[in-house]
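FYI, it's all coordinate maths here, none of it is from the lab. Please read these numbers as outputs of a predicted model, since none were measured by experiment. Cβ placement follows ideal geometry from the backbone for every residue including glycine, while neighbour counts extend to all protein chains displayed.
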Amino acid sequence: MKDAEGYVTEDGRTIGGVVMEMRNITLRFGGVVAIKDISFDIREGEIRAIIGPNGAGKSSMLNVISGFYNPQEGEVWYRGSLRPPMKPYQVAQQGIARTFQNIALFEGMTVLDNVMTGRLTQMKAGMFAQAIWKGKAEREEVENRELAEQVIDFLEIQSIRKTPVARLPYGLKKRVELARALVSQPSLLLLDEPMAGMNVEEKEDMSRFILSVNDEFGTTIALIEHDMGVVMDLSDRVVVMDYGKKIGDGTPDEVRNNQDVIDAYLGVAHD
Ligand SMILES: Nc1ncnc2c1ncn2[C@@H]1O[C@H](COP(=O)(O)OP(=O)(O)O)[C@@H](O)[C@H]1O
Ligand SMILES: [Mg+2]
């Protein structure tokens, strides 16, 4: 049963009410319409997947949620309020964190230092406060470091905490990016193809971590993923995009049996 209050999943997790609602979103880049009049919602505690062929508009949609793009039309509702156009750092301050389709880490810096940068949006003491009130800034630094170490333990990357990111294999870089997003303690986590380019074992690890983040911290997760098997295993509900339009929305089973979705994946021509 899905109602305003939420529902209980087959594996016994409780999904709450709507936290994020996209209403009739249209996003254009010059003549290119990346998103055409799409509406969907994300519920508290849910793992919500966005899938679709290349160029469907999935990353654009995640970029709208994260405040990186402001759509020309439509409304974004977050926790019961209409969200005005915002800068990404303002969205981050509302408890939304993300990872990127193309890894965006500081390659020359260590894992620990990269993870620490995820705390920057949360820092209370600005430069001025740091100068006149050293104690507060120092306390914050200690807290930030403790949090970073906790997340590093959680994602099982202790052994590489002092390693420069440039020296890591791809799969581990993806995990470091997840760590950096987690250290801001987001209530909504956005993952753009967290498993792209990974081998089977790395995908299994990443799936396990995504499930634990959701389960242990209660983090709501919206993720883009290509591997249908992974999507079907991980997600509670799936939005399917094709050529900027929404062509399906529902449980993995509902979406899998949707003829428009089957056609899109088989590459059947559209009119
Ligand atoms: N910054 C941009 N400038 C111009 N066109 C863009 C930009 N970002 C995305 N697009 C276009 O929007 C469409 C959707 O892209 P994208 O959201 O990246 O799709 P997906 O993530 O599903 O592969 C594509 O046609 C792409 O070329
Ligand atoms: Mg993309």
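How high is the relative contact order of the chain, in percent, counting Cα pairs under 8 Å that sit 6 or more residues apart?
Result for the chain is 25 percent.
Quick check: net charge around K246, other residues with Cβ under 15 Å of its Cβ, Lys/Arg +1 and Asp/Glu -1?
-3
Would you mind putting 168-176, 26-34 in packing order, based on average other-beta-carbon counts within 10 Å, highest first?
Packing proxy ranking, top to bottom: 168-176, 26-34.
What is the packing order of peptides 57-69, 228-240, taking the mean over residues of other C-beta atoms within 10 Å and listing the highest first?
57-69, 228-240
Using square roots of five times the C-alpha gyration tensor eigenvalues, list the equivalent-ellipsoid semi-axes of the chain in whole Å, biggest first.
Gyration-tensor ellipsoid for the chain: 32, 22, 19 Å.
What is the mean projected area of the alpha carbon convex hull for the range 8-79, to one decimal in square nanometres?
5.4 nm²
Which listed residue (F209, Q94, V240) has the Cα farthest towards the positive end of the charge dipole for the chain, taking +1 on Lys and Arg C-beta and -1 on Asp and Glu C-beta about the Cα centre?
Q94
Distance cut-off 18 Å, Cα to Cα: go down the list K58/K245; K87/K136; K36/K87; K173/K203; K36/K246 and report the pairs above it.
K87/K136; K36/K87
Nearest 20 debye, what's the magnitude of the dipole of the chain about its Cα centre given +1 on Lys and Arg Cβ and -1 on Asp and Glu Cβ?
The calculated dipole for the chain is roughly 1220 debye.
Quick one: if you stick a label point 7 Å off each Cα along the C-beta vector at R23 and Q150, how many nm between them?
In this crude spin-label approximation the distance works out to 3.6 nm.
Just the number, please: percent antiparallel of the DSSP beta bridges in the chain, rounded to the nearest 5.
Antiparallel bridges: around 60 percent, rounded to the nearest 5.
Taking the Cα centre of each part, how many Å lie between the range 182-250 and the range 1-78?
Spelled out, the Cα-based centre of one part sits 13 Å from the other.
Going toward the positive end of the dipole of the chain, with +1 on Lys and Arg Cβ and -1 on Asp and Glu Cβ, which of L190, I221, N144 do you reach last?
Projecting each Cα onto the dipole axis, the largest value belongs to N144.
Can you sort Y78, Y243, Y89 by how many other beta carbons sit within 10 Å, fewest first?
By the 10 Å Cβ count, ascending: Y89, Y243, Y78.
Which three numbers, in whole Å and largest first, are the semi-axes of the equivalent ellipsoid of the range 169-246 derived from its Cα gyration tensor as √(5λ)?
19, 16, 12
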